[in-house]
Amino acid sequence: MGAAQRVARLQMSVATPQSPAVNLKFTLAGIFDAGLMVNPWLAPSFRRPLERRISIMNIPQPGRHSRRDYRPGELLVRLQPGAGFSADVLDQLGGEVLHRFEFPTANLMKGGEMLHLQLPKGTTTAEAMAALEHDPRVTYAAPNDIIHVDQGLAGKTSVPNDLDKKLWGLQAIQSPAAWETTRGSRNGPVIAVLDTGCDVNHPDLRDNLWTNPKEIPGNGLDDDGNGVVDDVHGFFPKENNGNLTDKLGHGSHTAGTIGAVGNNGQGITGINWEAQIMPIKIFDSQGQTDVALIARGLEYAARHGARITSNSWGGTEPNPALEDAFKSCPALHIAACGNSGLDTDIVPHYPSSIPLANMISVAASDRRDRLASFSNFGAESVDLAAPGVDIYSTFPKGRYKTQSGTSMACPHVSGVAALIATAYPEASHEEIRSRLLEGVDLSPSLRGKVASGGRLNAAKALAPR
Ligand SMILES: [Ca+2]
Ligand SMILES: [Ca+2]
Ligand SMILES: [Ca+2]
């Protein structure tokens, strides 16, 4: 079965805390829903998932999945180095170039160009892939996988009176001690959050958003000439504008953990009291994205100086264009490792399993520093754990909400990475990585499950060395 014939099947769900019995059920459902052919103890070559599956990293909810496909009639093509833009290839296929990726770094330029193509009517993606499979001018031709967000069940809806108790994750990672070194900065690192958007008017978020200084809001014009209309605080690649409306809430929640405004007398504080969060709305308001939109988002992040990207989503099927886009964005990438309860050393998960020096994969832990029952793990492919159970954070329309998932663990690490980059602006990716991984609190439950054997500790990560 060729890649083009594989069925794309993608979902996202928002989690609610579950009893162990329910969690087991969800884990099993996740395995079956992931389409694994055989049990996970067989050799890797027999373990290939039948279906593409990309989900926002909350706990999977059975029965909420929607069957998806790649975008019909579209193609992501990487040309061979030196081929340049090959008119021949396009002449052969027909169709048009929807986007020619231009990352500011040399990575893609070392290879040939990466193009997003619309094929002519009557030509299927599978036919085009077959035609290019052995073409010497082409490195790969990949389908533009659709990724679907499924909101799933809501978390706890009650807003507690004692917010400090709800923010157990920030206490567990010793944020108060870390804040003696730095509380973040509005001139600090730009943190791109690739997610469902952001409530840019939320009183606990609006002051901590990155701002494009030369873009005038709401005039329908691209004032700064970067090719995107009204991109004041971030980017919505589907519409090529700055509309970040977050109907699903997932992106507002992850942004709040990284950098809800601290010490402003309301709501919560993020790990960064002050921050520059750049929401990149890769998922549209119907909960869909695809590899081309994700790559556009990473291209934007790279071109606008993002130091860190936070990725609370993923799937099990590799796509060469997705890997290229992460390679070509020079930021430090933090990614959730997934919620299927699986070993990603055996069943890789993307983007978290992309083998890059600047990729950090995050599992979820609970209040007792145990691996969360839903969390993926991997002694080699997952770097560390962070709080991901019952995480309280910002939600659209000025609200707050408790949610669980590796989606919630990932922004804890992104937030601490931002604190490190604020306190030590010259720190390399390698230094930030080693501070994060060597600074964990070791936990017996996490030994052999994540490479560092421990759970994030902000204070240790920031300690002078
Ligand atoms: Ca613009
Ligand atoms: Ca404008
Ligand atoms: Ca606040």
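The values are calculated or read from the model by the stated rules, or taken from the named source; none is laboratory data. Note that this is a predicted model, so its numbers are computed, not measured. Cβ coordinates were reconstructed from backbone atoms using ideal geometry, including for glycine residues, and neighbour counts include every protein chain displayed.
Quick grid of which residues meet (1) within 16 Å of ligand 1 (Cβ to nearest atom); (2) over 15 Å from the mean Cα position of the chain (by Cα); (3) buried (at least 24 other Cβ atoms within 10 Å of the Cβ):
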| position | (1), (2), (3) |
| --- | --- |
| Gly220 | yes, yes, no |
| Gly225 | yes, yes, no |
| Asp231 | yes, yes, yes |
| Glu239 | yes, yes, no |
| His250 | no, no, yes |
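Considering only residues that are within 16 Å of ligand 1 (Cβ to nearest atom) and either part of a loop (DSSP other than H, G, I, E, B) or at pLDDT below 95 (or both), which ones fall in the range 201-212? Of everything in the range 201-212, those that are within 16 Å of ligand 1 (Cβ to nearest atom) and either part of a loop (DSSP other than H, G, I, E, B) or at pLDDT below 95 (or both) turn out to be Trp210, Thr211, Asn212.
Met278 falls short on exactly one of the conditions (1) over 14 Å from the mean Cα position of the chain (by Cα); (2) more than 16 Å from ligand 2 (Cβ to nearest atom); (3) surrounded by 21 or more Cβ atoms within 10 Å (Cβ to Cβ), and that condition is (1). Taken together, Thr289, Thr196, Thr269 contain a single residue that is over 18 Å from Ser407 (Cβ atoms) and assigned by TED's automatic domain parsing to the domain that holds Gln403, which is Thr269. Against the definition (more than 16 Å from ligand 2 (Cβ to nearest atom), touching a Pro at 6+ places or on another chain (Cβ under 8 Å), at pLDDT 95 or above and over 19 Å from His333 (Cα atoms)), how does Asp246 come out, yes or no? Here the answer is yes, as Asp246 does meet what is asked.
In this entry, Ser452 is excluded by the filter for residues that are closer than 26 Å to Ser353 by Cβ and in contact with a Gly (Cβ under 7 Å, 6 or more places away or on another chain). Listed by position, the strands (runs of 3 or more DSSP E) inside the range 356-414 whose residues that are in the same structural domain as Asn201 (by TED's automatic domain parsing) and under 27 Å from Asn201 (Cβ atoms) number at least 3 are 391-395, 399-403. Which condition breaks for Arg465 when tested against (1) more than 23 Å from the chain's Cα centre (by Cα); (2) of a type in the set (Lys, Arg); (3) under 20 Å from Ser373 (Cβ atoms)? Condition not satisfied by Arg465: (3).
If you check Asp224, Asp195 for being in contact (Cβ under 8 Å) with a residue 12 or more places away in the chain, more than 16 Å from ligand 3 (Cβ to nearest atom) and more than 30 Å from Gln171 (Cα to Cα), only one passes: Asp224.
Looking only at the range 329-358, how many residues end up being among the polar types (S, T, N, Q) and either at pLDDT 95 or above or surrounded by fewer than 23 Cβ atoms within 10 Å (Cβ to Cβ) (or both)? Counting residues in the range 329-358 that are among the polar types (S, T, N, Q) and either at pLDDT 95 or above or surrounded by fewer than 23 Cβ atoms within 10 Å (Cβ to Cβ) (or both) gives 4.
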